[in-house]
Ligand code: AHR
């Protein structure tokens, strides 16, 4: 893909820009960031925010991996607002960083700013979340999970564990409206539960990927729906918020109402091991090392795959008990 979208002439310009903007940024000890003249690569990283345990783990991992790779990281937190992320990307373009990486808050509305980066010959890497753009030349690669597959795995577990039930009422706590993981996890789950017509999603609303959002929406769901059997939360944090709401309503999570979540961060895994959550589909935040490798390659003008999918697993309550002591986040 890179060969198609980054002609040799453009590569040369990008390398020239690298020499210019890399100066003044001291390479870290053991740095391999020597793509041009021995200076460290400068990466502008526009993070979504700090909405969840997953995000906190992802930020820490990216910062540590940059240090290890000898890449100078300029970091910004968009507080879940697209306009903040666009501002951050524009500022990285002005600062002439060598490469921009970002995890888009929502899928749409990126073409203008990505075109500005392209015109400035600054390669862009999408990490964690995708953009919905017709023009695939606006970024070099997309590193992250297959969110549709994650939703499917959640739905398949429910189908498997609902055999013999005549009716299963599900409420869904969606992630941030318009975000790739919210759209795709909804789609994958809906696809999987088609195999079991007794499973019905009776209510679905966004909890914005936060614990407080999950709690608030679950409180409302509990008030208006007396017969909830299952919560499908697009991330652990919203599932943990739902646990608080269920307990406050005098019900027992894991028994009266089963909970399925996505992520497998430490608090989620603990709730799974404790029997409060029934199943977790893993979404790994440990993308830092792969991101730094890809950054070095795109800055050097080497070709990279257009899509790098993160390898992930799933956890039952028993598997969580075994896995917890070794979890890194
Ligand atoms: O984009 C990844 C998702 O964003 C994680 O599942 C969620 O916890 C986070 O906020």
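So in the chain, what percent of DSSP beta bridges are antiparallel if you round to the nearest 5?
Close to 5 percent.
What is the pair-distance distribution P(r) of the chain, computed from all Cα-Cα distances in 20 Å bins starting at 0, with each bin given as a whole percent?
Per 20 Å bin, starting at zero, the Cα-Cα P(r) for the chain comes out as 32, 50, 17, 1 percent.
Once you have a ≥ b ≥ c as the square roots of the Cα gyration tensor eigenvalues for region 147-283, tell me rounded if a/c is under 1.5, and otherwise prolate or oblate according to whether a/b is larger than b/c. Before the final figure, lay out the partial values.
Values: a/c = 1.26, a/b = 1.06, b/c = 1.20.
Rounded is the answer for region 147-283, as its axis ratio a/c remains below 1.5.
For the chain, take the longest principal axis of its alpha carbons; what is the angle in degrees between that and the long axis of helix 236-248, to the nearest 10 within 0 to 90?
30
Rounding to the nearest 10 and keeping the result within 0 to 90°, find how far the Cα-based axis of helix 211-224 lies from the longest principal axis of the chain.
Roughly 30 degrees between the two axes.
Between the alpha-carbon centers of region 266-329 and region 59-91, tell me the distance in whole angstrom.
19
Among 67, 186, 136, which one moves the most in a GNM of the chain with springs linking Cα atoms closer than 10 Å?
Maximum among the listed residues: 136.
Under 20 °C and 1.002 mPa s, how fast does region 98-185 diffuse according to Stokes-Einstein, given a Kirkwood radius computed over C-alpha pairs? Answer in µm²/s, whole number.
Values: Rh = 15.0 Å.
It diffuses with D of about 142 µm²/s by this estimate.
Quick check on the exposure proxy: order 206, 313 from fewest to most C-beta atoms within 10 angstrom.
Working: 206 20, 313 12.
Ordered from fewest to most neighbouring Cβ atoms within 10 Å, 206, 313 come out as 313, 206.
Under Stokes-Einstein, with the Kirkwood radius over Cα pairs standing in for Rh, what whole-number D in µm²/s applies to region 133-173 at 20 °C and 1.002 mPa s?
Numbers: Rh = 13.5 Å.
Result for D is 159 µm²/s.
Just so you know, all these numbers are worked out from the coordinates, no wet-lab data involved. These numbers were taken from a predicted model, which means no experiment stands behind them. Backbone-built Cβ (ideal geometry, glycine too); neighbour counts: all protein chains shown.
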